[in-house]
Structures are given as C-alpha cells and as structure tokens.
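**Student:** Would you mind keeping the following structure in view while I ask a few things?
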Amino acid sequence: MSDSELRRAPGMRERSPDVWELIVEAGRDPVTGKRRQVSRIFRGNLRAATKARAALLTEVSRGRHVGTSATVDDLFVEWVKELERKGRSPHTIVNYRKAYRVSVREALGSVPVSKVTTKMLTDLYGHHQAVGRRPATVRQIHATVSSMMTQACRWGWRDSNPAQWAEPPPLVNEVPRVPTPGEVRRLVDAARESRRPEYARLIYLAATSGLRRGELCALRVVRDVDLDAGLLLVQRSIVEVPGRDLLEAPTKNRRVRYVALDERTVAEVAEQIAMVERRAEFVEGEVVADPFLFSDALDGSEPWKPGAVTRYFARLRRRVGLDDLTFQSLRRFMGTYGQELGFSAVQVAMRAGHDPSVAARHYTGRVAAADRELADAVSTLLGGGVEV
C-alpha cells in the first residue's frame, strides 16, 4: 500500500505533518449499546504511526480499553439492584447506601466508571482520614467502592478494579471488652428487678448461647425451641430497615445451627414461654400457633425489635455502672470464657454462629457432645441463673 493510500486508510487521520489520530473500534458500550472507539494522538512519521495503530489494535483486542460512559452514580444504582437480586441482607444494603451517600457520591458520583483511578480512591480515603473519620469507617468506604468496581469488571464496564491497589488505613488493634461473670450477673439481676423482667431471661440466654440480637428476637416457640432435648434451632434473624416492616431473614452467614442449652437456661426459656401463655390467658385470648419467644404482642405474633433490645441494654448498663459494655459483649463473654474453660476455638465459633470454613468440616451431628459440656460450663459461671 502506497503512502497516499495509508494516509486515507480507516483509522489513520493526518491532522498535520507528522501528527496522526489513530482510531480503533472497541465494540459497544455495555450500558448504552452505542458503538465505542479508542482514539489516540501520535506524533511521528507514517511508518511509526502505522506500527502504533497496530499496537493499539492489540491492546483493544486484549480488553485493555473496555469501559462505558456510565457514571459511578449509575453503577451504584445497578449494583444495589444486583445485591437485592442475590438476596443480600436488607440491613447490609442499607449500610452500603449510607456509606455511598455520605462518603462517596460527592467526590465520585459524576465520574465515569472507566475513569476512576487508584489515585482518586487513595485521595478519597485520605480526605476522610483528615476530617477525623475512624479507620473502621474508611475501611467500610473502601469495601463499598471495591465491591462496586468488582461488579463493574464482571459486567465489562471496566477491565480492572482500581480499589485493588488502594490501601485503606489499618485498623487499630484494640482489645475487645469482655464482661466478667460477676458483671453479667449484675446485668441479669438489674433486669430482673426492672419493669421488664423478661429482659433478664434474654440477657441470660444471650450470655450462655452467644446468639446475636436478631437471632434471639427471631426465635419461635414451636419451630425453634425443644425443651425436652435442651436445644435451640437457630435459623432466622429479625432485621430492621428504616421505613419498612420488620423482616425475618436468614442468619448473618446463612447457616442453620443447633445450640445446646444447659438445665438452668432451659428453665429460663421455659419460664419465658409460660409468661407468653399467661399473658394471653389474662386477656382471655390465645397465642398464635407458633409465637415468638420474645414478644410484646398479647398473642405473641410480633417479635421484639433488635433496636429496642439495644436501647434497653443501654439504659440497663448505665444503671449498673457498666457503660463500656455493649450487647455484643455478651457474645464475647461466651466466646472468651468458653475458650478459657478449655473448649476449642472451633467449637466456640460454631456455637456463636461464626463461619470458620475449617470448623464446618469437623462439626458433625445435631449437637456435638462438647457443645453440651460448653453450655453447662458457661452457665456455671453465672451461678445458677435467674430466679423463676
């Protein structure tokens, strides 16, 4: 091909002497469906420009220039729809929405997805650190952006994830606060003397079983409680989402597990069930076929709200001078003292509903014998439980 023919060839435009515009077709935009092309200005003679366009063709064929005109705001909307389709926890999605709205949208919302760089994300993290955001908060921002960009790569909106190389600040290595057996007994005793003594039973059950707030609130008398066998079946969790009704969702890691109960905790659960029945009889009513174990409804049809449990616990801890405790401290109590009593980390993790992949392969049967021993040992620390 002669020089004159090359100068007129598709993808080779001579802008001025020895200045060329190299153009390569790059398929269609995965969002808009419009045709895309990659354009690059090159300075040099015709022969060098021809080689440069060949190299650009190779880059495009290897996916180096995939992308879309969609913005980060567009990506966020579609990403949330994908999370909902996959059945991600509504509470998790709410947290993602908050993190994006508060910490990402202003800086990156209008930026094309294909133009986001690692430097942009590094600057974003640095800004939030400079204004006093905690490392854990910045890492949550990073997790949100990273997950979004991973999905963009799956959809062909980008060829790589810029968050892969953006480093959020390290977490501060803090020793978690674990209540002593005496402190848990103080909480239980104070709850028993309050206007809501049924909370004493919930706190005792939380401390000996390690269940999460939402898991405790989701327990149903018929479906989940077996007093004769001394077992709880933990398979659901109550989720609060602003502006929506309470939801019954799978547990945090979607695992179903049995939890053994010692004799003292069985007595507490039995008393709670009896209270639900007595309350219905008092108003000459009946409980529903399968009432919630912890409910303020006369028929047991509505569960306690996890947020209400947190607010009650906050008032209770102030009353007994333990302001540094949280409801999660009760889970730590079971986990920490369970291991100090000689039970394996795997056994304790399975009881608490953690998801260690190795533990799952070693946990066989409905309830391992060690779990029964663990239940008895942890309850013994509390000296006999709540009076019923």
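The values are calculated or read from the model by the stated rules, or taken from the named source; none is laboratory data. Treat the numbers as computed from the prediction; the structure is a model and nothing was measured. Glycine also receives a Cβ, built like all others from the backbone with ideal geometry; neighbour counts cover every protein chain displayed.
**Student:** Out of A280, A270, which single residue is in the same structural domain as Y199 (by TED's automatic domain parsing), among the small types (G, A, S) and at pLDDT 95 or above?
**Tutor:** A270
**Student:** Further question on the same structure: For the stretch 151-162, which residues satisfy the criterion of being in a loop (DSSP other than H, G, I, E, B) and over 16 Å from V77 (Cβ atoms)?
**Tutor:** Across the stretch 151-162, the qualifying residues are G156, R158, D159, S160, N161.
**Student:** Looking only at the stretch 305-353, which residues are within 15 Å of D371 (Cα to Cα) and either outside the structural domain of E198 (by TED's automatic domain parsing) or in contact with a Lys or Arg (Cβ under 9 Å, 6 or more places away or on another chain) (or both)?
**Tutor:** M334, G335, G338, F343, M350, R351, A352, G353, listed by residue number.
**Student:** A further question follows. Filter the stretch 310-347 down to the residues that are among the β-branched types (V, I, T) and within 20 Å of the chain's Cα centre (by Cα) and list them by number.
**Tutor:** Selection gives T310, T326.
**Student:** May I pose another question? In the stretch 56-77, which residues are modelled with pLDDT of 90 or more, buried (at least 16 other Cβ atoms within 10 Å of the Cβ) and either under 19 Å from the mean Cα position of the chain (by Cα) or at positive phi (or both)?
**Tutor:** F76
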